[in-house]
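The values are calculated or read from the model by the stated rules, or taken from the named source; none is laboratory data. Here the structure is a predicted model, which means the values were calculated and not measured. Quick reminder, even Gly has a Cβ in these numbers, built from the backbone with ideal geometry, and neighbours come from all protein chains shown. Remember, those area values only see protein heavy atoms, side chains included, never the ligands or the DNA or RNA. Shrake-Rupley method; radii C 1.70, N 1.55, O 1.52, S 1.80 Å.
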Amino acid sequence: MNVRTRFAPSPTGYLHVGGARTALYSWAYARRNHGKFILRIEDTDLERSTEQSVNAILESLKWLGIDWDEGPFFQMQRLARYREVAEQLIASGHAYRCWATKEELDSLREAQRARGDKPRYDGRWRPERAKAAGLAAPRDRPPVVRFRTPEEGESLWNDLVKGPISFPNAELDDLVLLRSDGVPTYNFGVVVDDIDMSVTHVIRGDDHVNNTPRQLHIFRALGAGLPRFAHVPMILGADDERLSKRHGAVSVTQYRDDGYLPEALVNYLARLGWSHGDEELFSTAQLVSWFDLEHVSRSAAQFDPGKLAWLNQQHMKHASNERLAALAEPALRALGADPLRGPPLERVVALLKDRATTVPHLAEAARFFYEHESPSPALLGEHLTDAARPVLRALKAKLAESPGWDRQAISAAIKHALASSGLKMPQLAMPLRVLVTGRAQTPAIDAVLELLGRETVLARLAHYLDSD
Ligand code: GLU
């Protein structure tokens, strides 16, 4: 079988991480099975769809590395096709025109509610009923097209994630396929497109489970083969409510802007609701080689920002220094530091990347290489003690005359200064670190000094030691 999957977002906002995960599963499934992945923009909600959102979605997918083989197709460019299929369904008796007004439908619904019934369209424009009731097509307004839903029996399918699901047809009414302005409803557009695009596997959020029985009827009425369905459970926040803005960042672009690596977000989202044994840390290529629908979880998953940060840290460790330096550069500038006024950023990043959780965090850790950060008075007071001061001065002299400037030479100078002082290593290393970097925590001090360079180190030490 030639697997063909699709992602069909509605362009009404940014790409939510839940949508991104659905896209990822569809994409990985197609890639795993050497199939095709199709991108379709479901832009029929004219009031809420925007070009800006289309761009945000495309940009987010590209950033994540989710590439598509066909599309993007836009439903609003396919209106003629939906009209054609609607006519076909009318001709075969599976659909009919309905002229019920909004007022009529409102009062129908009210009457049903008053009786304690579920509000539903009563099929009054089904041709045989309209005829029996003497209803004639009004000429003053355009009709909608409705589907003639079977009133008996059941709709069932074997969901690839959730297992067998069945729905009594009696619960479904005659849904609108085409609105009076000729724009299809979601359920109609999706079926026409899934048929025309030969989609074999519909992988989507389980908020669409209730739509599937309606879609099955339309597929059958059109004599089309059925795709397989896989409904993926929702992503929840820590309070078990559906993940939304209230819980923090939920858009893919926000994670990009917050300095996460795309492969980390891919890893996190893939693992959230799917597993491959105990693997937590994997590459996008590994995901593609392992992905299956059998191991998609049946229950909703809880979004854990802490785990995402941990994964990002792991992926940062594996990222190349060149790439991290390119990412950290604008972040450093944003912190007011000039990445050209100091050691090569790639070398700084190499020293720091094991500990950073995000790119801004990395830039923050790198800042003192490019700007002399003054320690707080408290930090200075704590470490620049009367006992340390003369030893630091001796060390400074030693560093000034050291024949070489590498870690060994720097360590030797430190040991030499320590030897005659009676201080222990931390009693010298800490004030040294605080004076040169302004911070109490940095990587190994000899590595830091080596990278900073002799001139900078001596100038920074002089700032505190030469004035007295
Ligand atoms: N436009 C729908 C959505 O964004 C697509 C659902 C589907 O994949 O069928 O939820």
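From the list Trp274, Trp290, the lone residue that is within 30 Å of Ile165 (Cα to Cα), open to solvent by 40 Å² or more (accessible area, probe 1.4 Å) and more than 15 Å from the chain's Cα centre (by Cα) is Trp290. Return the residue satisfying two criteria in turn: it lies in the stretch 304-328 and is part of a helix (DSSP H, G or I) and free of Cβ contacts under 8 Å to residues at least 24 places away in the same chain, and of such residues it is least open to solvent (accessible area, probe 1.4 Å). Here the answer is Gly306. I'd like to know if the stretch 358-374 contains one or more residues that are of a type outside the set (Lys, Arg), part of a loop (DSSP other than H, G, I, E, B), buried (at least 19 other Cβ atoms within 10 Å of the Cβ) and out of contact with any Pro (no Cβ under 9 Å at 6 or more places or on another chain). Within the stretch 358-374 (the criterion being of a type outside the set (Lys, Arg), part of a loop (DSSP other than H, G, I, E, B), buried (at least 19 other Cβ atoms within 10 Å of the Cβ) and out of contact with any Pro (no Cβ under 9 Å at 6 or more places or on another chain)), the answer is yes, since at least one residue qualifies. Would you confirm, using the coordinates I've provided, whether Arg220 is out of contact with any helix residue (DSSP H, G or I) (no Cβ under 6 Å at 6 or more places or on another chain) and free of Cβ contacts under 8 Å to residues at least 40 places away in the same chain? Against the criterion (out of contact with any helix residue (DSSP H, G or I) (no Cβ under 6 Å at 6 or more places or on another chain) and free of Cβ contacts under 8 Å to residues at least 40 places away in the same chain), Arg220 qualifies.
Pairs linking a residue in the stretch 1-13 that is open to solvent by 30 Å² or more (accessible area, probe 1.4 Å) to a residue that is near the ligand (Cβ under 7 Å from one of its atoms), with Cβ atoms under 6 Å and 6 or more positions apart or on different chains, are Ser10/Glu42.
Restricting the stretch 110-129 to residues that are free of Cβ contacts under 8 Å to residues at least 12 places away in the same chain and small (Gly, Ala, Ser), the residue that is least open to solvent (accessible area, probe 1.4 Å) is Ala111. Figure legend. Inter-residue proximity from the stretch 14-40: first residues more than 18 Å from Ala56 (Cα to Cα), second residues assigned to a strand (DSSP E or B) and away from the ligand (no atom under 14 Å from the Cβ), beta-carbon distance below 8 Å, spacing 6+ or different chains. Indicated pairs: Tyr25/Trp274; Tyr25/Val296; Ala30/Lys36; Lys36/Glu70; Phe37/Glu70. The set of residues from the stretch 162-178 being open to solvent by 10 Å² or more (accessible area, probe 1.4 Å) and within 16 Å of the ligand (Cβ to nearest atom) comprises Lys162, Ile165, Leu175.
In the set (1) at pLDDT 95 or above; (2) more than 20 Å from Thr44 (Cα to Cα), Gly189 fails one condition alone, (2). All conditions but one from (1) within 15 Å of the ligand (Cβ to nearest atom); (2) among the hydrophobic types (A, V, I, L, M, F, W, C); (3) surrounded by fewer than 17 Cβ atoms within 10 Å (Cβ to Cβ) apply to Leu222; the one that does not is (1). Assess whether Leu380 counts as being in contact with a Leu (Cβ under 9 Å, 6 or more places away or on another chain), farther than 30 Å from Tyr260 by Cβ and part of a helix (DSSP H, G or I). Taking the combined requirement at face value, the residue satisfies it.
Close contacts from the stretch 197-212, counting a first residue that is polar (S, T, N, Q) and a second that is crowded, with 17+ Cβ neighbours inside 10 Å, with Cβ to Cβ under 6 Å and a gap of 6+ residues or different chains, come to Ser198/Arg4; Thr200/Val3; Thr200/Arg4; Thr200/Pro227; Asn211/Asn187; Thr212/Phe229. Scanning the stretch 186-209 for residues that are of a type in the set (S, T, N, Q) and within 12 Å of the ligand (Cβ to nearest atom) yields a single hit, Asn187.
For the stretch 225-249, a residue qualifies if it is crowded, with 16+ Cβ neighbours inside 10 Å and part of a helix (DSSP H, G or I), and exactly one does: His247. Taking the criterion of being aliphatic (A, V, I, L, M), outside any loop (DSSP other than H, G, I, E, B) and open to solvent by 20 Å² or more (accessible area, probe 1.4 Å), would at least one residue in the stretch 180-194 satisfy it? No, the stretch 180-194 has no match at all. If you go through the stretch 409-452 and keep only what is at positive phi and under 41 Å from the mean Cα position of the chain (by Cα), you end up with just Gly438.
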